[in-house]
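Nothing in this text is a laboratory measurement; each read-out follows from the coordinates by a stated rule. Quantities reported herein were computed from a predicted structural model and do not represent experimental measurements. Every residue, glycine among them, receives a Cβ derived from its backbone with ideal geometry; neighbour counts consider all protein chains shown.
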Amino acid sequence: MGSLELRNIRKSFGAQEVLKGIDLQVKDGEFVIFVGPSGCGKSTLLRSIAGLEDVTSGAVLINGEDVTVTPPAKRGIAMVFQTYALYPHLSVRDNMALGLKQAGTPTDEINTRVAAATEMLSLEPYLKRRPAELSGGQRQRVAIGRALVREPELFLFDEPLSNLDAALRVQTRVEIARLHRQLGATMIYVTHDQVEAMTLADRIVVLNGGVIEQIGSPMELYNRPANLFVAGFIGSPQMNFVEAARIGEAGVTIGIRPEHLSVSPAEGRFKGKVIHAEHLGADTNLYLETETAGLITVRLFGEHRYAADDVVHATPDPTKIHRFDEKGRSIVA
Amino acid sequence: MSKARQSTLRTSLVHVALIAYTLVALFPVFLTIINSFKSKQAIFGQPLRLPGPSTFSLIGYETVLKQGDFVTYFQNSTVVTVVSIFLVLLFGAMAAFALSEYRFRGNTLMGLYLAIGIMIPIRLGTVALLQGMVASGLVNTLTSLVLVYTAQGLPLAIFILSEFMRTVSDDLKNAGRIDGLSEYAIFFRLVLPLVRPAMATVAVFTMIPIWNDLWFPLILAPGESTKTVTLGAQLFIGQFVTNWNAVLAALSLAIFPVLVLYVIFSRQLIRGITSGAVK
């Protein structure tokens, strides 16, 4: 139970095509994350899976069954929204129970399921409260609880952590990861935050301009990006791109991740001046204006005593250089 | 009010202006009420004086309650106003929901068409309305008034409510859809409670012109059994002699029902149940 298949999904708003033929297969129990910049169509795709948006053409299959024209409530899905979207006039308990009541579930069954979700998310003390009386983190837990009680085939998350502060975001992220392990349920998750994508996903789907750029596990995307877009999108700070001709390498564009460069004051491949240094404690980021390679970023681990205007030499790890052809596709060595 | 941002001088100036405006607005009401409790001589002799032992008189109220059937008039006014408000709010909110929620061809045009009524006075169509009512046999019924007032109130209601409904979170409506609520349930159970303050505003704006209207009751329903309060009060205004005691008493009485309705709606205006629905 809980597989998803998308067949050539297209979606247009008027003349503008937002999704340009998406094909995807998600296996039962997988945690798949859609990432991409704003406006890449990732939320529209999620809403199409949920049935909140009609697709212009193509088919959505859940458990092998075509649900393209099935209403959202009958697709066996549950969704968690960025803005929580709790019913403001209902208590936490009723917020969780409403969907089941609507489906005509017997009261005993509702009570058991709500109790189980409450226990799992430690919502016991808040059951009688209204959403307005809860903090942001608690509200998001209730929203997750509301999804849990439906016991769906498919969990859909629409940027669930975006409205939380940094500390709470990490905590809730861990909680979602734990839920996924515990339930073994299939989850589709949309985010623009690559840290969430890298830490949670079994597989990441990178979207850009309504098409899938690459699908793969976090480490596949990091180590073997299919093209310039994925290479630039995954990893922080962003990968350095240098014209191959300028530094005498093969291919059209060369990509080097900031963490795959080493720096020495005395000698190295790219001589340059530090224009800015960021000291983060665990990392030190240097921005170098080099003679041959232009502006590049270097990420060093630990503390280093470099300051602006220092002259240094950066050298890439030769085994970790990415090459791209004239169309931006990765050249596999 | 925060002391850091408001100087005492500025605050008091604002208050002086507001208090002055309040006095100006309330003065006619005050004058009407005090004079309704005075004898005819006192009304003309000392119109600004409060009723004293020598000038106090309930003759106006006695006349009102004896002459004409004012209980029926009040009942008619109340029925017409309440039913019209209900219909305006119901249909106005439904149309506003459709306009703000669904994408369909001609959505903007439809919105404009519905809002254009704000700019065109319904009284221009009086003759046609009267002909229509005569043809359908609705003259001298409260139904004719309710129909006209509902039509009159809808444009503004749709205009205000559709703006408010656009602010209701899409996620909330979608959460309802995933939980299996029908579009009607989403409208009545999720959206309407959230736009309650706007509904109250619309109700107040709709109510007052209806309650005070003289034109349509006079033309469409002047019969004894369908008279409204404002029309009933005209009984005492003659071409040569006007019974001011009775007119003032009738007007004073007419203030109260509308005041009660206003209080009910304004409580809705103030209550902020919606805070914390999203974010």
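Quick notes on this structure:
- Separation between Cα centres of the stretch B:34-78 and the stretch A:100-161, rounded to whole Å: 62
- Other protein chain C-beta atoms within 10 Å of residue C-beta, averaged over A:95-108: 2.
- Antiparallel bridges, percent of DSSP beta bridges restricted to chain A (to nearest 5): 75
- The stretch B:223-237 and the stretch A:287-331 have their alpha-carbon centroids 90 Å apart.
- Proximity of backbone amide H atoms, modeled 1.01 Å from N, is registered between B:K38 and B:S57 at under 5 Å, excluding neighbours fewer than 5 places apart on the same chain.
- In nm, spacing of pseudo-spin labels at A:R10 and A:A245 (7 Å Cα→C-beta vector): 3.8
- Intensity falloff of chain A expressed as log10 I(q)/I(0), Debye formula with alpha-carbon point scatterers, at q = 0.16 Å⁻¹: -1.27
- Mean-position separation - Cα centroids, the stretch B:152-176 and the stretch B:108-131, in angstrom: 21
- Across the stretch A:303-310, computed HN-Hα scalar couplings (Karplus, 6.51 cos²θ - 1.76 cosθ + 1.60, θ = phi - 60°) run 8, 9, 9, 8, 9, 4, 6, 5 Hz from first to last residue, x flagging Gly and Pro.
- Whole-percent P(r), the stretch B:1-57, all Cα pairs, 10 Å bins from 0: 22, 29, 19, 16, 12, 2.
- Inter-label distance, nm, simple model (7 Å from Cα along the C-beta direction), A:T315/B:L48: 10.0
- Shape class for the protein assembly as shown, computed from the alpha carbon gyration tensor (a ≥ b ≥ c): prolate, with a/c not under 1.5 and a/b above b/c.
- Beta bridges assigned by DSSP with both partners in the stretch A:237-324 are antiparallel in approximately 100 percent of cases.
- Normalised contact order of the stretch A:4-230, rounded percent, pairs of Cα under 8 Å and 6 or more residues apart: 29
- Long-range amide H partners of A:T186 with built H, under 5 Å: A:G29, A:F155
- Between helix B:126-135 and chain B there is an angle of about 80 degrees, using the helix long axis and the longest principal axis of the Cα atoms.
- Simple spin-label estimate for B:A20 and B:V127 in nanometres, 7 Å along Cα-Cβ: 4.7
- Under 12 Å, Cβ to Cβ, from B:E183 - net charge with Lys/Arg +1 and Asp/Glu -1: +2
- Taking other residues whose beta carbon is less than 12 angstrom from the beta carbon of A:G216, and scoring Lys, Arg as +1 and Asp, Glu as -1, yields -1.
- Coupling constants for the stretch B:10-17 follow from the phi torsions by the Karplus curve (6.51 cos²θ - 1.76 cosθ + 1.60, θ = phi - 60°), and in residue order they are 5, 4, 5, 4, 4, 5, 4, 4 Hz; glycine and proline get x.
- Percent RCO, i.e. relative contact order, over chain B, from Cα pairs under 8 Å lying at least 6 residues apart: 28
- Global form of the stretch A:1-158, assessed from the alpha-carbon gyration tensor, a/c cut-off 1.5: prolate
- Low-density loop cleavage sites - trypsin sites (Lys or Arg not before Pro) in the stretch B:1-93, where at most 12 other Cβ are within 10 Å (DSSP): B:K3, B:R5
- Here the gap between B:I237 and B:F27, fully extended at 0.36 nm per residue and compared with their Cα-Cα distance, gives a gain of 73.4 nm.
- Farthest toward positive dipole pole in the protein assembly as shown [+1 Lys/Arg, -1 Asp/Glu at C-beta], among B:T167, A:A293, A:I254: B:T167
- Peptide-level mean, for A:129-139, of C-beta atoms on other protein chains within 10 Å: 2
- Cα gyration tensor category, rounded, prolate or oblate, for the stretch A:179-333 with a/c compared to 1.5: oblate
- Bridge type composition, the protein assembly as shown - antiparallel percent by DSSP, nearest 5: 75
- Shape parameters for chain B, alpha-carbon atoms, Rg then Dmax in Å: 23.3, 73
- Two-site FRET efficiency, A:D28 against B:L90, from Cβ-Cβ distance with R₀ of 60 Å, rounded to 0.05: 0.80
- Couplings 3J(HN,Hα) of the stretch A:27-39, computed from phi: 7, 4, x, 7, 10, 10, 10, 8, 10, x, x, 4, x Hz, in residue order, whole Hz [Karplus 6.51 cos²θ - 1.76 cosθ + 1.60, θ = phi - 60°; x for Gly and Pro].
- Helix axis angle, B:244-270 relative to chain B longest principal axis, alpha carbon, degrees: 20
- All C-alpha to C-alpha distances of the stretch A:145-186, sorted into 10 Å bins beginning at zero, yield P(r) values of 25, 55, 19, 0 percent in whole numbers.
- Taking the stretch A:23-70 and dividing mean pair separation by its residue count, relative contact order in percent (alpha carbons under 8 Å, at least six apart): 20
- Cα-based equivalent ellipsoid, the stretch A:281-333: semi-axes from gyration tensor eigenvalues, Å: 27, 14, 9
- The residues neighbouring A:M96, those whose beta-carbon lies less than 15 Å from its own, together hold a net charge of +4 under the Lys/Arg +1, Asp/Glu -1 convention.
- The per residue volume of the convex hull around the alpha-carbon atoms of the stretch A:168-226 is 84 Å³.
- Estimated FRET transfer efficiency when R0 is 35 angstrom, pair B:V263-B:R103 (beta carbons, to 0.05): 0.30
- For the protein assembly as shown, a crude dipole built from +1 on the beta carbon of Lys and Arg and -1 on the beta carbon of Asp and Glu, taken about the Cα centre, is about 1900 debye to the nearest 20.
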